[in-house]
Structures are given as structure tokens and as C-alpha cells.
Amino acid sequence: MAEDCIKIDTYKETSHDGRYAMRKEFTFHTFDGTGLYMVQDVTALPKAAVVIVHGLCEHLGRYEYLTERLNEQNLMVYRFDHRGHGKSEGRRVYYDHFETISDDVNAVMDRVKNHNQGLPVFVIGHSMGGYAAACFGARYPGKADGIILSGALTRYHTKCAGELPLDMPADTYVPNALGDGVCSDPAVVEAYNKDPLVEKEISVALLNSIYDGVEWLKKNSFSFIDPVLILHGANDGLVSERDSREMFGDIRSGDKTLKIYAKLFHEIYNEVEKDEVIDDTILWIEKHLS
């Protein structure tokens, strides 16, 4: 799988000891040749690599603070825009097969593991990215050293897009109405709604592919055996915390942890209490570095 370098920037970390890190931006061509925009934040002496998988309609740039916090702990971070999202290629916000999104995660993981042999690799997936990471874990067990699911859509209890599947042409687009529910912090909601890289419409094909994937995941969660940390906001109005509770009960991981945060909305990594969530994430990763 070829890749094209876009640019490499050197920047100074905001950590107390003044470490320097390197940011690399490049296009990675996934399993079917689609170009995915990727960013790698390299630390000098990385203890592990972390792949961040973003949610529906958003992009990798919304995970800058989480990346900085991980870098401070010498965790190298890779992020990519899903196909049809952000700066990646592909038909906008469109999937016609549920396997595609987790196959992209798998291709990215192969790239990261091949370039960092011997280094533990973890996955953090949020919302639709959590769904992608959960499907990846069930379809490709044993590839990740650990998986963190944040507000992951794994059972579709909230039905924020209505009853699925939608009986409409696949190339029909519906408005992105997620904005007000993403976070309890009005500033985060305002930034989300004004962000030009946040997609404003969602294809019926993508929504129906998620339906197919969730139905598959419900029947195949027993295939998920990797160490996993499942995190969810108790007041998440977009993806019910019941999704995470049921996923936790159904998987066969011998090493699994579930934490539901009181009062937090959907984007727990952007809530006012985000540092508590990130601290819990880092602590869990540190415990799994062996």
C-alpha cells in the first residue's frame, strides 16, 4: 500500500520538560486504493503507538488535545480521516458495505505495526469510530494490544437516525443533526457546528451499513477477545450507554473494564471533565505495557 508524504513539521510540545516531537502528514492508500489522510505525532522515545478512530461526520483534527496528552506520556499517535470524511478521498459520508470501515482500520493498523515492529499498538475509537474499532476487534482479533471504546455505537438503542434500515435510495442524503448532542460544553457544540470539515449531510447508504454492522456485531461479539476499556457518558443522548453495557456483557475478553461517567454527554474526550477521562485512558494503557 503506497503512501504520499504531504509535509513534515517540527513543533514544540507543551509539556513541562519542553520535549520536541515531529508531526508527519501523509496520504495512506488503504486496501482498495482509496487515499486516507493521516497524521502521525512522533515522540522521541515512544512506549507505544495509539491509533485514534474518529466518529461520524467529524475528522481527525478534533482530537488535538487528546493527542497532546498522549504525547506527553511518550505515546506516539496516529490519526486518520475516514474515507469520505475530512481530507480523505472517497464519496462523501458514504459506505455501501459494513465491512469497509473496519477493513480501513485494519489496513491502518497493518501500516502502523509494520512501521513500528516490536512496539505495542492500541486503538481508541469514538462513536462511529468505536463501532469501527469494535467491528475491527471482532473481525481481526489479536491484532491490537488493547482497544478503548468511547461512546461506541454497538447496539443502536438511542435510534438517533430513526428506525434502520431506511427504505430510501442509497444515494439519498439526510441532514447531520448530531450537533446539539455532542457535548454539554456550548463552546464545543458551537465549534462543531461551525467547523468546515464537519460534514453537514449523511448518506442513507452509510446509515444502512451501520445497521448491517450492528446486527452482525450483536451476533458476533463473542469473537471480540482483545483487552478492552469501554467508556461512556451516562447522559449520552446520541448513543445510549446501554450499548456499552450490553457489548461489555457479550464479548469474551478476559481483560475488560467498563466505566460509565455520571452526567457526561457523548464526546467524553471533549467534556469539561475530559482530563479525568483521558487520565483513565492513559492509566489503562500504561497498565497494559508489558
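The values are calculated or read from the model by the stated rules, or taken from the named source; none is laboratory data. What you are looking at is a predicted structure, and each value in this text was computed from that prediction instead of being measured. Cβ sites come from the backbone with ideal geometry, for glycine too, and all protein chains shown count toward neighbours.
With respect to Glu267, determine if the residue is acidic (Asp, Glu) and within 18 Å of Leu153 (Cα to Cα).
yes
Just give me the residues in the stretch 229-255 being part of a loop (DSSP other than H, G, I, E, B) and acidic (Asp, Glu), in sequence order.
Correct list: Asp236, Asp255.
Give the residues of the stretch 110-129 that are in contact with a strand residue (DSSP E or B) (Cβ under 8 Å, 6 or more places away or on another chain) and more than 16 Å from Leu60 (Cα to Cα), sorted by residue number.
Listed by number, the residues that qualify are Arg111, Val112, Lys113, Asn116, Leu119, Pro120, Val121, Phe122.
Out of the helices (runs of 4 or more DSSP H) lying entirely within the stretch 118-228, which hold 3 or more residues that are surrounded by 21 or more Cβ atoms within 10 Å (Cβ to Cβ) and modelled with pLDDT of 95 or more?
128-139, 204-220
How many of the residues making up the stretch 65-114 are within 14 Å of Phe28 (Cβ to Cβ) and of a type in the set (S, T, N, Q)?
Selection size over the stretch 65-114: 3.
Only residues that are in contact with a helix residue (DSSP H, G or I) (Cβ under 8 Å, 6 or more places away or on another chain), small (Gly, Ala, Ser) and in contact (Cβ under 8 Å) with a residue 60 or more places away in the chain: list them for the stretch 229-276, please.
The answer is Gly233, Gly237.
Being hydroxyl-bearing (Ser, Thr, Tyr) and in contact with a strand residue (DSSP E or B) (Cβ under 8 Å, 6 or more places away or on another chain) is the filter; apply it to the stretch 152-176 and report the residue that is farthest from Pro196 (Cα to Cα).
So, considering only residues that are hydroxyl-bearing (Ser, Thr, Tyr) and in contact with a strand residue (DSSP E or B) (Cβ under 8 Å, 6 or more places away or on another chain), the one farthest from Pro196 (Cα to Cα) is Thr172.
Any residue at all in the stretch 256-270 that's part of a helix (DSSP H, G or I), among the hydroxyl-bearing types (Ser, Thr, Tyr) and closer than 26 Å to His82 by Cα?
no
Considering (1) of a type outside the set (A, V, I, L, M, F, W, C); (2) more than 12 Å from the chain's Cα centre (by Cα); (3) under 23 Å from Ile285 (Cα atoms), say which one Arg83 fails and leave the rest.
Every listed condition holds for Arg83 apart from (3).
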